[in-house]
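The values are calculated or read from the model by the stated rules, or taken from the named source; none is laboratory data. From a predicted model like this one, the values you see are computed outputs, not experimental measurements. Glycine also receives a Cβ, built like all others from the backbone with ideal geometry; neighbour counts cover every protein chain displayed. With ligands, DNA and RNA removed, areas are computed over all heavy atoms of the protein, side chains included. Shrake-Rupley method; radii C 1.70, N 1.55, O 1.52, S 1.80 Å.
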Amino acid sequence: MRHWIWGLFLICLIPGSPKASENLIINIDGRQTTSLNGAWQIIIDPYENGYFNYRWEPDPNGYFKNEKPKDKTDRVEYDFDASETLLVPGDWNTQKEKLFLYEGTIWYKKSFDFKLKPNRRVFVWFGAANYHAIAYLNGQKLGEHLGGFTPFNFEITRLLKEKDNFLVVKVDNKRQRDGVPTLNTDWFNYGGLTRQVYLAEAPQTFIRDYFIQLKPGSEQEIAGWVQLDGAKPSQPVKIEIPEAGINISVQTGEQGFASFNRKASLQLWSPDNPKLYQVVLQTESDRVTDAIGFRSIATRGHDILLNGKPLFLRGISIHEEAPVRGGRAFSREDARILLGWAKELGCNFVRLAHYPHNENMIRMADEMGMLVWSEIPVYWTILWENEQTYANAARQLTENITRDKNRASIILWSVANETPPGEPRLKFLKGLAKTAKAMDPTRLTTAAMERHSPDATTQMIDDPLGEFLDVLGCNEYIGWYDGLPAKADTMTWKMKYAKPLIISEFGGDARYGLHGDELTRWSEEYQADLYEHTLRMLDKIPFLRGVTPWILMDFRSPRRPLPGIQDFWNRKGLISNRGEKKKAFQVLKKYYEGKQRNPRF
Ligand code: GCU
């Protein structure tokens with residue numbers, strides 16, 4: 001692997017971003033951690049009173065100071081310890097009725113004692129916080145993070161006390177016009193510390209990051225790199241895969257970086273054989289283990305090749321909506337249920353829309369043998385010409401790839417969904433696609449685009465962005481937003497590019513338990529009929545290599561108010577939010593059974 005590629009990875013971290021996670025620690029479950037999950041005291045702060053004074057200037061004595069009255073004359077107008085609590089991880093919207101539609105700031109406070117051992121470093125690590133987080137320890141600002149779906153961490157070694165540390169986090173989920181995503185999304189803006197929070201301990205110099213995968217174009221050679229962090233960057237590092245008899249020794253340079261490659265005879269990971277190897281990385285003072293699968297993914301003309309063989313991606317789209325309980329999903333159990341339903345459908349592939357899902361979902365996909373389309377929330381009408389918006393999108397992409405680049409299940413990095421063609425948008429997305437490729441030459445790039453109809457019976461895919469992607473995704477809603485389901489019967493599809501196509505969305509709403517004939521909108525029969533017509537149409541597309549119908553399970557959205565039918569839920573799920581399977585579930589399951597027997601492409 002050429003050093004310049006890995007070097008690109010190091011330099012493509014975005015300069016000038018809010019002090020965030022340039023030094024993201026990966027594989028947090030492989031570290032020595034102390035959980036801060038559980039009840040945190042909170043202060044709901046719609047007027048930012050804990051951050052600004054009455055002249056709207058930053059207040060040096062904001063809520064992050066966690067002040068207490070010094071005597072009976074003292075005036076302190078807040079008290080975390082007497083305040084109500086929220087559970088972390090978890091969105092706030094589904095924990096308290098009064099917070100269901102709340103969009104603004106909530107301050108979280110967690111107190112803890114910590115016995116710091118000599119020659120150890122300590123970090124506070126957040127799985128995610130939606131949308132803008134500012135973290136403080138013992139009254140000192142640690143840094144901030146923008147973006148609701150990627151991890152970040154801050155070193156706290158020098159600020160820690162043995163007793164009564166207080167970690168305060170300001171989380172603001174207000175939607176922002178220059179944000180990523182922007183103001184308008186068809187999903188619920190669940191706010192808060194929506195994923196796990198840990199204290200992570202490490203030696204003075206530790207293994208912060210690494211990338212170990214098959215060398216692109218080879219199935220018998222692994223390639224990768226390791227990045228140390230600390231005062232002694234130049235050290236010997238051992239990388240072992242005991243079961244495969246691999247034992248690599250490298251010496252990191254002054255930047256703490258070393259790359260390597262090695263011939264290897266490995267069982268290749270696939271949906272049929274999700275083989276994971278224990279990988280051990282070791283230095284004189286640190287040791288990290290990970291479970292990594294090795295597989296190749298490539299394209300050849302219209303084909304997608306997994307381990308050199310063409311395959312058809314029998315997929316389904318999934319939002320990060322917790323099965324049955326609703327709200328942001330975050331646990332292994334949530335992941336097991338959602339991916340278990342996908343397996344029941346006969347899927348070998350899931351599109352995790354429209355943002356990076358929690359790491360439990362990706363690791364469960366590795367374990368269960370489910371291929372993954374991973375996506376950042378560059379959704380609809382982003383501010384394409386705003387530099388900070390681009391830096392935000394690029395940073396979320398960088399964090400997404402940094403966290404998940406060793407996960408065999410992920411085969412596609414998607415840079416956008418349904419964005420309107422135009423020069424500024426093309427420049428913005430080309431930049432993201434190049435960043436993804438430079439960081440990770442082992443995977444494919446894609447985006448969910450739209451088609452247009454040059455005449456009544458033709459669908460044309462010729463988005464200029466397609467030239468800069470490896471695989472094209474295209475959303476279509478014939479039968480729901482575009483005519484009735486039978487319209488699909490006379491449709492012919494054309495595409496400008498000799499590349500693979502995935503129909504990344506199609507579908508229609510059905511209220512579980514609502515029945516009628518095939519033309520009764522919102523009935524299970526209408527939805528099932530739409531699937532029948534659409535799947536017959538898709539089978540006629542010679543360059544189609546995958547489908548991720550919209551969507552596995554109903555999900556909350558403020559854009560879906562229809563009383564008695566939607567009630568703030570998008571009902572395109574094949575399964576209701578209570579876990580009830582609709583008729584269309586069986587239609588897709590039968591189709592995939594046929595596809596598995598005879599992929600016919
Ligand atoms: C769009 C969009 C989805 C949305 C879906 C719908 O294609 O990508 O986020 O939920 O259509 O309208 O249900």
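If r is the Cβ-Cβ distance from D81 to K174 and R0 is 22 Å, what FRET efficiency results, to the nearest 0.05? Please report the intermediate quantities before stating the final value.
Values: r = 27 Å, r/R0 = 1.22.
That gives a FRET efficiency of 0.25.
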The answer for the stretch 31-202, accessible area per residue at 1.4 Å probe in Å², is 44 Å²
Would you kindly state how much longer the chain becomes between Q278 and K115 on full extension, computed as 0.36 nm times their sequence separation minus their alpha carbon distance, in nm to one decimal? 55.6 nm
Point-to-point label distance, S218-S234, nm (Cα→Cβ direction, 7 Å offset): 2.7 nm
Tell me, what is the percent relative contact order of the stretch 362-451, built from C-alpha pairs under 8 Å that lie six or more residues apart? 36 percent
Reachable lysines from K263, criterion Cα separation under 23 angstrom, eight or more residues apart if same chain: K215, K238, K275, K309, K405
In the stretch 542-560, which residues have a backbone nitrogen under 13 Å from the label point lying 7 Å from T299's Cα in the Cα-to-Cβ direction? 543-546
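What accessible area per residue, rounded to a whole number of Å², is obtained for the stretch 498-586 using a probe radius of 1.4 Å? Intermediate results must be reported in sequence, preceding the final value.
On the way: 2970 Å² over 89 residues.
Heavy-atom SASA per residue in the stretch 498-586 reads 33 Å².
For a quick check of your reading of the filter: which GluC sites (Glu not before Pro) in the stretch 345-390 sit in a DSSP loop and have no more than 15 other Cβ atoms within 10 Å? Don't skip to the end; give the middle numbers.
Details: sites: E359, E367, E375, E385, E387; in loops: E385.
Here the sparse-neighbourhood loop sites are E385.
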The simple spin-label model distance between I565 and D71, using points 7 Å out along Cα→Cβ, in nm, is 6.9 nm
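Report in % the part of the accessible area of the stretch 31-202 that belongs to carbon and sulfur, leaving out ligands and nucleic acids; probe 1.4 Å. Intermediate results must be reported in sequence, preceding the final value.
Details: 3720 of 7530 Å².
The value for the stretch 31-202 is 49 percent carbon and sulfur by accessible area.
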Can you pull out the trypsin sites (Lys or Arg not before Pro) in the stretch 515-576 whose DSSP state is coil and whose Cβ has at most 16 other Cβ atoms within 10 Å? R521, K540, R559
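Divide by every residue of the chain the summed helix terms, -39500 (n - 2.57) for each DSSP H run of at least 4, and state the resulting mean residue ellipticity at 222 nm, rounded to the nearest 500 deg cm²/dmol. List each step's numbers first, then the result.
Working: 7 runs with 98 residues, N = 601.
My calculation for the chain gives -5500 deg cm²/dmol from helical runs alone.
If a/c stays under 1.5 just call it rounded; otherwise compare a/b with b/c (prolate if a/b is bigger, oblate if not). Do that for the chain, with a ≥ b ≥ c from the square roots of the Cα gyration tensor eigenvalues.
Since a/c reaches 1.5 but b/c is at least a/b, the shape of the chain is classed as oblate.
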Sequence gap at least 6, Cα distance under 8 Å: using those rules, report the relative contact order of the chain to the nearest whole percent. 12 percent
Modelling each spin label as a point 7 Å along the Cα-to-Cβ direction, I'd like the E423/F100 distance in nm, to one decimal. 4.8 nm
For the stretch 443-601, the accessible surface attributable to carbon and sulfur atoms (probe 1.4 angstrom, ligands and nucleic acids excluded) amounts in percent to 52 percent
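If you add up the charges near Y63, with Lys and Arg at +1 and Asp and Glu at -1, over every other residue whose beta carbon is less than 14 angstrom from its beta carbon, what do you get? Each step should come with its number before you reach the end.
Details: positive: K65, K68, K109, K110, K141, K170; negative: D45, E48, D59, E67, E77, D79, D81, D172.
My count for the surroundings of Y63 gives -2.
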Quick check on the stretch 206-295: take the gyration tensor over C-alpha atoms, sort the square-rooted eigenvalues as a ≥ b ≥ c, and tell me if it's rounded (a/c under 1.5), prolate or oblate. prolate
Pairwise centroid distance, computed over Cα atoms, of the stretch 545-601 with the stretch 69-138, Å: 37 Å
Out of all DSSP beta bridges in the chain, what portion is antiparallel? Express it as a percent rounded to 5. 70 percent
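Calculate what fraction, in whole %, of the accessible area of the stretch 206-295 sits on carbon and sulfur atoms when a 1.4 Å probe is rolled over the protein chains.
Details: 1550 of 3600 Å².
The computed percentage sits at 43.
Let's see if you can work this out: charge +1 on each Lys and Arg Cβ, -1 on each Asp and Glu Cβ, no other charges. What is the dipole magnitude of the stretch 206-295 about its Cα centre, in debye to the nearest 20?
Details: 9 positive and 11 negative charges, 26 e Å.
So the magnitude is around 120 debye.
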Within 11 Å, Cβ to Cβ, of A322, how many net charges do the neighbouring residues add up to if Lys/Arg are +1 and Asp/Glu are -1? -2
Does the stretch 31-202 classify as rounded, prolate or oblate by the C-alpha gyration tensor (a ≥ b ≥ c root eigenvalues; a/c under 1.5 gives rounded; else a/b over b/c gives prolate, otherwise oblate)? oblate
Arrange the residues L276, L426 by how much accessible surface each exposes, largest first, with a 1.4 angstrom probe. L276, L426
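Ordering E84, E243 by how much accessible area each has at a 1.4 Å probe, largest first, what is the list? Before the final figure, lay out the partial values.
Working: E84 70, E243 120 Å².
So, going from the largest accessible area down, we get E243, E84.
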Just report the Cα centroid separation between the stretch 303-333 and the stretch 349-408, whole Å. 12 Å
Residue-by-residue Karplus 3J(HN,Hα) for the stretch 289-301, coefficients 6.51, -1.76, 1.60, Hz, glycine and proline x: 10, 9, 10, 10, x, 10, 7, 10, 9, 7, 10, 9, x
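Per residue, how much accessible area does the stretch 206-295 show when a 1.4 Å probe rolls over the protein heavy atoms, in square angstrom? Could the numbers behind the result be given before it?
On the way: 3600 Å² over 90 residues.
Result: 40 Å² per residue.
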For M361, what accessible area in Å² do you get when you roll a 1.4 Å probe over the heavy atoms of the protein chains, rounding to the nearest 10? 10 Å²
